[in-house]
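See below for the structure under consideration.
The values are calculated or read from the model by the stated rules, or taken from the named source; none is laboratory data. This is a predicted model, so every value here is computed, not measured. We place every Cβ from the backbone using ideal geometry, glycine too, and count neighbours over all the protein chains shown.
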Amino acid sequence: MPSTATAETLHGFEPYKEKKGEEYMNEEQQQHFRNLLLAWKAELMEEVDRTVTHLKDEAANFPDPADRASQEEEFSLELRTRDRERKLIKKIDATLELIEQDDYGFCEACGVEIGIRRLEARPTATLCVDCKTLAEIKEKQISG
Ligand SMILES: [Zn+2]
């Protein structure tokens, strides 16, 4: 499944370089992830804006019912994507809140450090790799 915007596609963000003996989630690291999340959010909001404009423009341009049908299909696909993006924006907001509260970067299930590299790949991660894997296994069992 291709995702529209991941941390990797963020422009101008070098991976964080830890100094030797640096404390996990110190001020500098928090700032790094705050910037990353804000840039990601801005990118997503731009995409949402663009779609809304695009949908308004195109809706007027298809008087033919057949064209309209395929157009509507495309719209609903786009709307689903936007819906996903809106949820992601909410998640980013919640993550920014975690940084403000000094809770960012720790697994919400077991409390261990999630780790800089993992957060870089998934800035909104709230579980460590182990807990995430466990959660996915449970989810599979529930959904069959
Ligand atoms: Zn954990």
Inset, instruction - Please verify whether the stretch 112-127 includes one or more residues that are part of a loop (DSSP other than H, G, I, E, B), over 13 Å from the mean Cα position of the chain (by Cα), of a type in the set (A, V, I, L, M) and buried (at least 16 other Cβ atoms within 10 Å of the Cβ). - result: yes
Legend entry - Looking only at the stretch 111-132, and only at residues there that are among the small types (Gly, Ala, Ser) and within 15 Å of the ligand (Cβ to nearest atom), the one that is nearest to residue 37 (Cα to Cα): 125
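Take the conditions of a type outside the set (Val, Ile, Thr), part of a loop (DSSP other than H, G, I, E, B) and closer than 23 Å to residue 28 by Cα and apply them to residue 109. Does it pass?
Numbers: of a type outside the set (Val, Ile, Thr): yes; part of a loop (DSSP other than H, G, I, E, B): yes; closer than 23 Å to residue 28 by Cα: no.
Criteria not met by residue 109.
Taking the options 27, 58, name whichever one is more than 18 Å from the chain's Cα centre (by Cα) and at pLDDT 80 or above.
Numbers: 58 fails: at pLDDT 80 or above.
Only one candidate qualifies: 27.
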Legend entry - Every pair of residues 6+ apart whose Cβ atoms lie under 7 Å, when the first sits in the stretch 92-106 and is on the phi > 0 side of the Ramachandran plot while the second is at pLDDT 95 or above and in a loop (DSSP other than H, G, I, E, B): 105/24; 105/25; 105/114
Legend entry - Pairs, first in contact (Cβ under 8 Å) with a residue 40 or more places away in the chain in the stretch 120-139, second outside any helix (DSSP H, G or I) and away from the ligand (no atom under 14 Å from the Cβ), C-beta under 7 Å, six or more apart: 120/15; 120/16
Legend entry - Answer residue from the stretch 92-110, given it is under 25 Å from residue 43 (Cβ atoms) and within 14 Å of the ligand (Cβ to nearest atom) and is surrounded by the fewest Cβ atoms within 10 Å (Cβ to Cβ) among those: 103
Legend entry - Sole residue being in contact with a Cys (Cβ under 9 Å, 6 or more places away or on another chain) and at pLDDT 90 or above, chosen from 103, 83, 130: 130
